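Everything below concerns the one structure shown next.
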Amino acid sequence: MATQINTIETVSETQKQASMTHLLKWIPHILLSIASVLLLVSISLPYWGMILEAPQYPGGLEIHLFVNQMAGNEETKLDEVREIDNLNHYIGMASLFEAAELERQIAVPGIIVMAVALVIVAFIQRRWVWLLAIPALTFPFVFLGDLAFWLNYYGQNLDPYAPLSSSIKPFTPMVLGESTIGQFKTIAYVDSGWSLSVVAAGLVLTGLLFRLLLVTRLARSK
């Protein structure tokens, strides 16, 4: 009788472990799939924004940076991107429309490729396949790093023959936070698209850790 009870308990424990393993198996699929969707949604949202405050612009000028384009505040009739670009021209800064041309061209296709790669990682279990998730993991920080490069490049390479070149020394605008350039003040911040890409990266990391936990659990059960 005792032997039968022990056998039943062993079978029950085995079933519980099998159920837990099955649950762990699906968690990475779900997390990585959600991350893929978030990356795709982020394409239509701004990743970074900046408000330029100056005496002649009481409400300030605002620019929103998407992965492939720039836009101003839709609530105003003023073309704020063009207005900021004109102001930059007076201090000797190159046109905003010339910055990161390659990055803007490849951004959307690149994000789509990353999203597809996450689906592959989610449903194909191979030792090497997790490497396909690395671009999605690093993308939010690569974006900010590339943005910092261009801000520094533009601020440090002013045209010495610009109308107001003598009153402005080379500078490095802040990627995040406040900067003061002459009579202008800028406030830079990350926006909703970038936040979504960070959430996606977090889900990817969590999904990969769950998969590692599953592999370790299966190895111990053998």
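The values are calculated or read from the model by the stated rules, or taken from the named source; none is laboratory data. The model shown is predicted, which means the values in this text are computed figures rather than measured ones. All Cβ positions, even for glycine, are placed from backbone atoms using ideal geometry, and neighbour counts span all protein chains on display. Accessible surface is based on the protein model in full, side chains and every heavy atom, while ligands, DNA and RNA are left aside. Shrake-Rupley method; radii C 1.70, N 1.55, O 1.52, S 1.80 Å.
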Item to complete: Can you tell me the dipole magnitude for region 24-127 around its Cα centre, using point charges on the Cβ only (Lys, Arg +1; Asp, Glu -1), in Debye to the nearest 20?
Response: 940
Worksheet item: Among residues other than Lys25 whose Cβ falls under 12 Å from its Cβ, what is the net charge (Lys/Arg +1, Asp/Glu -1)?
Response: +2
Discussion item. Can you compute the modelled spin-label distance between Asn68 and Ser192, with each label point 7 Å from Cα toward Cβ, in nm?
Written reply: 1.9
Worksheet entry | Net charge, Thr186 excluded, C-beta distance under 10 Å - Lys, Arg +1, Asp, Glu -1 | -1
Worksheet entry | When the convex hull of its Cα atoms is projected in every direction, mean area for region 110-222 (nm²) | 9.8
Worksheet item: For Trp128 and Thr76, FRET efficiency with R0 = 45 Å and r from the beta-carbon atoms, rounded to 0.05?
Response: 0.35
Item to complete: Could you tell me the accessible area of Val198 in Å² (1.4 Å probe, neighbours in place), rounded to the nearest ten?
Response: 50
Worksheet item: Once fully extended, how much extra length lies between Val116 and Leu45, figured as 0.36 nm per residue of separation less the alpha-carbon to alpha-carbon distance?
Response: 23.6 nm
Item to complete: With r as the distance between the Cβ atoms of Lys169 and Gln56 and R0 = 35 Å, compute the FRET efficiency 1/(1 + (r/R0)^6) and round to 0.05.
Response: 0.95
Item to complete: Skip the ligands, DNA and RNA, and give the accessible area per residue of the chain with a 1.4 Å probe, whole Å².
Response: 60
Worksheet item: Say the dipole of the chain comes from +1 at the beta carbon of Lys and Arg and -1 at that of Asp and Glu; which of Asn152, Pro163, Ala136 then lies farthest toward its positive end?
Response: Ala136
Worksheet, complete the sentence: Computed over region 55-140, the Cα gyration tensor eigenvalues, each multiplied by 5 and square-rooted, give semi-axes in Å (largest first) of 39, 14, 10
Worksheet item: In nm, to one decimal, how far is the Gln183 label point from the Asn152 one, both placed 7 Å along Cα→Cβ?
Response: 3.1
Worksheet item: On average, how much area does the Cα convex hull of the chain cover when viewed from any direction, in nm²?
Response: 16.6
Item to complete: With the full set of protein chains in place, find how many percent of the accessible area of region 78-222 is carbon and sulfur; take the probe as 1.4 Å.
Response: 66
Item to complete: Provide the FRET efficiency to the nearest 0.05 for the Val37-Tyr90 pair, computing r from the beta carbons and using R0 = 45 Å.
Response: 0.55
Practice prompt. Would you pull out the residues with amide H under 5 Å of Trp48's amide H, same chain only if 5 or more places away, H placed 1.01 Å from N?
Written response: Leu65, Asp191
Worksheet, complete the sentence: Longest the chain segment clear of chymotrypsin sites (Phe, Trp or Tyr not before Pro) sitting in DSSP loops (not H, G, I, E or B) with at most 13 other Cβ atoms within 10 Å runs 1-127
Fill in: Amide proton proximity set for Ile181, modelled H, under 5 Å, gap of 5+
Thr186
Worksheet, complete the sentence: Those helices of the chain passing the 27 Å axial Cα length cut-off and the mean Kyte-Doolittle cut-off of 1.0 (DSSP H runs only) are 101-123, 192-221
Discussion item. For the chain, what does the relative contact order come out to in percent, with C-alpha contacts under 8 Å and a separation of six or more?
Written reply: 32
Worksheet item: In deg cm²/dmol, rounded to 500, what helix-only [θ] at 222 nm does the chain give when every DSSP H run of at least 4 residues adds -39500 (n - 2.57) and the total is split over its residues?
Response: -20500 deg cm²/dmol
